[in-house]
Each structure stands twice: as C-alpha cells, then as structure tokens.
C-alpha cells in the first residue's frame, strides 16, 4: 500500500488501481483477523475436551491438529477396536493387493479419511523437525531406501500407534524413555 502511494510516475488508471488494492488489502487483513479469532475459539474448545492434554502432549500435534483429530474420530476412541483400525481409517496402513499366487504386494489405500490422514501426515512432518526420536526414525527409513513420502507415512503410522497407546492408557507423551537402574 505504501509502495503504491510513493510512486512518482503517473500511469492511466493508477489512482483507481491503488484504491482497489487498498480495498483488497483491507479485506485480506479483516479475513486474517477472523481466522485468528476462529483459531482461538477452536483452541478453547479443544482444551475443554478430556483427551486434549494427552493428544497435545505428542510432538507435532497442537490445538488445531488435535481438534481436527477429535472431529474426525468424533472424540470417541471406542469406535476403533485397535490402533490398526484407526490407522486404516487414516489411510496410513498399507492395503494388500494380492492376486493368484502373488502375495505380500502392499500399496496405499484408496478409501480413507483425508482429514485424518492430513492430521497424522502433518504432525509427522512437524515432529521430524522438532522431535529427535521422530527424526531418527525418518532418517532410518530414508537409509533403508524409502522415498520421502514413504518415510513420512511410515512415521505417521508409528505415531498412530503411539497416540492410540497414550489415549488407551491415559498417559502423556515422554520425549525420552526413562532410564532404569541396572543391578
């Protein structure tokens, strides 16, 4: 906006264009304020849920991804008998594509909850940067010859198992395993 006002060369339609840009910039700023308010409401609503602290204790899952997780699962983990069922719904569990004598052929699923997959995939990407254990797991998968997406999906699958166990046991995520005293 300031750059448009400081121009010295006169161009036909310049003032109208500057007004349009100013109007659009104000609209964008208003939308950003609305987004901030909605994010605050989502965060407050998420914090009220009984599983909020357990879910947000996991690296890479904040209030917005946690709220999306709760919305995708309806906040009821009893719907899923095992972590495998949750991973299947999230689309991070491989699906067999066997035929005749060919077995062990696995591929990505076609039917899954896109929002839930986004939660685990995004949290895996974030945790690679912020959590040493996740970074080591990702680097190990890359060293095994996996492509980036395959390694991130493998990490996302592992995070499903961890989150499932945390919710099942009602525990918080611990960054490092406790060291036991040797006899």
For this session: Just need a number here: residues in the range 80-110 that are modelled with pLDDT of 80 or more, surrounded by fewer than 15 Cβ atoms within 10 Å (Cβ to Cβ) and more than 23 Å from residue 125 (Cβ to Cβ).
Result: 3
Problem set entry | the range 29-54 - residue that is touching a residue at least 24 places away in the same chain (Cβ under 8 Å) and outside any helix (DSSP H, G or I) and, of those, nearest to residue 166 (Cα to Cα) | 51
Exercise. Can you name the number of the only condition in (1) touching a residue at least 24 places away in the same chain (Cβ under 8 Å); (2) touching a helix residue (DSSP H, G or I) at 6+ places or on another chain (Cβ under 7 Å) that residue 154 fails?
Worked result: (1)
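Give the range 80-89 a look and list any residue that's in a helix (DSSP H, G or I) and either farther than 15 Å from residue 119 by Cβ or in contact (Cβ under 8 Å) with a residue 60 or more places away in the chain (or both), or say none. Quick ask: steps written out before the conclusion?
Start the filter on the range 80-89 by keeping residues that are in a helix (DSSP H, G or I), which leaves 83-89.
Scanning the range 80-89 gives 83, 84, 85, 86, 87.
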For this session: Could you list, in sequence order, all residues of the range 108-135 that are part of a loop (DSSP other than H, G, I, E, B) and either touching a residue at least 40 places away in the same chain (Cβ under 8 Å) or at positive phi (or both)?
Result: 108, 113, 131
Seminar exercise, completed: Scanning the range 136-170 for residues that are assigned to a loop (DSSP other than H, G, I, E, B), at pLDDT 90 or above and within 25 Å of residue 116 (Cβ to Cβ) gives 146, 147
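When only residues in the range 55-79 that are part of a loop (DSSP other than H, G, I, E, B) and in contact (Cβ under 8 Å) with a residue 12 or more places away in the chain count, which is surrounded by the fewest Cβ atoms within 10 Å (Cβ to Cβ)?
75
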Exercise. Are any of the residues in the range 6-16 modelled with pLDDT of 80 or more and surrounded by fewer than 10 Cβ atoms within 10 Å (Cβ to Cβ)?
Worked result: yes
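The values are calculated or read from the model by the stated rules, or taken from the named source; none is laboratory data. Small disclaimer: the values here were computed from a predicted structure and weren't measured. All Cβ positions, glycine included, derive from the backbone under ideal geometry; neighbour counts span all protein chains shown.
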